[in-house]
Amino acid sequence: MRTLTKHHRLLVLAAAAALLAGVAGGPGTAATASSSLTVALDWFPNPDHVALYYALDKGYFTKRGVNLSMKTPSDPSAGLKLVATNKFDLAVYYEGDMFYAGAQGLPVIAVGALIPTPLNSMIARPGSKVKTLKDLKGATVGNAGLPFDGAVLQTIRQRQHFGPKDIKSVNVGFNLVPALLTGKADAIVGGYWNIEAVKVRNETGKKPVVFRMAQLGVPHYDELLIVANKNRLKSDANYAKAVRSFLSGMVAGVNGARKDPSGSIAIMKKKSEYKQKDLAAMVPLTLNALASPTGLKTGCFSTADWKAFGSWMLKNKLLKKPVAATAIQTNAYMSGC
C-alpha cells in the first residue's frame, strides 16, 4: 500500500546515506537550463501532492518560467540521494530524514514546506477498547517495527505514566490497516489521518478514533518538504532562480487548491489510483493540512519547531548527535518568510 510504506521512511535514509557521505555535489545534470526542473516524488501520486498537481494543471509553474517534471523514482526512499547526486533537481521528502542527512553531511537542504503539519497519527479501530490515550494501557498497538514507531510509543508511555509493558507493541510490517481491520491490533502507529483513517472509515462504515502527533506528545514537524541540492544553490545562479520560481508556483498551487476543493478532487482523480469515494474525503482533509497550524506564511519553516523536533529525536535516540536545524533548512528561497 502507498501510505503504509511511505509513512515509515523516517529511518530508511540512515543506511543509504552512508553510501553518500562526502558527496560534493557538482554541476547539475538533471536540469540543463534554469527553466527545467525534475522533482522526485516520495511515493506514487496521491492526495498529499495535491498542491503540486493543482499548480501544474493550472500552469502556475510555466507562468513562472519553470518547465516542471514530477516523477516517482524506482526506489521512492532514495529521494535525498537522488538530489544529493544531482540525478533529480528537487525531491519531496520528510523532516526527520533531513536530520539524518545533516548527520551524514549530505549536500541537501529543505527549501519549502509542502505540508506544514504532521499527518502521521495513531488510529484506533472502530469499536476497540481505545477511546482515549489512557485506554492504551493493556492495548495492542501495531507498527512497522521502525525506531520512530518505538519513539512515539515511548513518548506515550512517559506522558501517560505507563510501565514498559503496559502497551503491547506488535510488528505488523507495513500491513497496518489490515492488522487494524482484522483485529490483530487495537490501534496502529504510522497511518496518516488524511489517508489511512479515511480508508478505515470507508471500509468499516464507522469513524475510527484518531490521535494526532501533538496529542501523543511528539513535537510539531513539517510532514512533507521540498528538498534541493545545497551546493548547487550556492554555485549555480540559474538553479537557485529556478528553485525560487518553483516555490512561488507551489505557493500559488497551495492557495489555489485550498479555494477549489472540487477542482482539486477532479485533478487528483486523473493523477491518483485511489478510489473516487476515498479521494472525495482524502483531498479536502489534505487541503486543510496545507495551512500552517502556527500561522506561518505558506511554505515557510519555523526554525524553533525544527529545533524542538530535532531535540525530541535526540532524546529518543533517533539521532546519535545533535544536528543544527539551520544547516538542513532555510527560508531564503521563499518569498516573505
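Points to keep in mind about this one:
- Hits in the stretch 72-101 (condition: surrounded by fewer than 20 Cβ atoms within 10 Å (Cβ to Cβ), in contact with a strand residue (DSSP E or B) (Cβ under 7 Å, 6 or more places away or on another chain) and either in a helix (DSSP H, G or I) or modelled with pLDDT of 95 or more (or both)): none
- Hey, A325 open to solvent by 20 Å² or more (accessible area, probe 1.4 Å) and not β-branched (V, I, T) or not: no
- Within the stretch 103-118, if we keep just the residues that are of a type outside the set (G, A, S) and assigned to a strand (DSSP E or B), the residue that is nearest to E196 (Cα to Cα) turns out to be I115.
- Failed item, numbered, when L318 is tested on (1) over 14 Å from Y53 (Cβ atoms); (2) open to solvent by 20 Å² or more (accessible area, probe 1.4 Å): (2)
- Per-region count, the stretch 309-329, residues over 24 Å from L233 (Cα atoms) and without any contact (Cβ under 8 Å) to a residue 24 or more places away in the chain: 3
- Residues of the stretch 162-187 that are among the small types (G, A, S) and either in contact with a Cys (Cβ under 7 Å, 6 or more places away or on another chain) or open to solvent by 30 Å² or more (accessible area, probe 1.4 Å) (or both): S169, G183.
- For the stretch 124-147, a residue qualifies if it is at pLDDT 95 or above, touching a strand residue (DSSP E or B) at 6+ places or on another chain (Cβ under 8 Å) and open to solvent by 50 Å² or more (accessible area, probe 1.4 Å), and the qualifying residues are K131, G138.
- Flag if P118 is under 16 Å from the mean Cα position of the chain (by Cα) and open to solvent by 10 Å² or more (accessible area, probe 1.4 Å): yes
- Restricting the stretch 246-268 to residues that are more than 21 Å from the chain's Cα centre (by Cα) and among the charged types (D, E, K, R) leaves a set whose member that is nearest to C300 (Cα to Cα) is K259.
- Boolean, R159 is farther than 25 Å from S245 by Cα, open to solvent by 20 Å² or more (accessible area, probe 1.4 Å) and at pLDDT below 95: no
- Selection status of G190, open to solvent by 10 Å² or more (accessible area, probe 1.4 Å) and on the phi > 0 side of the Ramachandran plot: no
- Cβ pairs under 6 Å, 6+ apart, first in the stretch 250-261 and more than 20 Å from N67 (Cα to Cα), second not in a helix (DSSP H, G or I): R258/L290
- Taken together, S169, S121 contain a single residue that is hydroxyl-bearing (S, T, Y), in a strand (DSSP E or B) and touching a residue at least 40 places away in the same chain (Cβ under 8 Å), which is S121.
- Note on the stretch 222-234: residues that are assigned to a helix (DSSP H, G or I) and in contact (Cβ under 8 Å) with a residue 12 or more places away in the chain amount to 4.
- Condition check for S69 on (1) modelled with pLDDT of 95 or more; (2) touching a helix residue (DSSP H, G or I) at 6+ places or on another chain (Cβ under 7 Å); (3) surrounded by fewer than 20 Cβ atoms within 10 Å (Cβ to Cβ): one failure, at (2).
- In the stretch 50-63, the residues that are assigned to a helix (DSSP H, G or I) form Cβ pairs under 7 Å with partners that are open to solvent by 50 Å² or more (accessible area, probe 1.4 Å), at six or more places apart or across chains, as follows: Y53/K271.
- Whichever residue in the stretch 226-261 is of a type in the set (S, T, N, Q) and within 20 Å of L82 (Cβ to Cβ) and, among such residues, is surrounded by the most Cβ atoms within 10 Å (Cβ to Cβ): N229
A quick yes/no check of all residues on (1) part of a helix (DSSP H, G or I); (2) closer than 20 Å to K134 by Cβ:
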position	(1), (2)
V200	yes, no
V210	no, yes
H220	no, no
S248	yes, no
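- Of the residues contained in the stretch 129-147, one or more are found to be assigned to a loop (DSSP other than H, G, I, E, B), under 21 Å from F309 (Cβ atoms) and among the small types (G, A, S).
- Across the stretch 262-295, the qualifying residues are those that are open to solvent by 60 Å² or more (accessible area, probe 1.4 Å) and in a helix (DSSP H, G or I), and the one among them that is nearest to H220 (Cα to Cα) is N288.
The values are calculated or read from the model by the stated rules, or taken from the named source; none is laboratory data. Computed from a predicted model, the values in this text were never measured in an experiment. Cβ: placed from backbone, ideal geometry, glycine included. Neighbour counts: every protein chain shown. Only protein heavy atoms, including side chains, enter the accessible area calculation; ligands, DNA and RNA are left aside. Shrake-Rupley method; radii C 1.70, N 1.55, O 1.52, S 1.80 Å.
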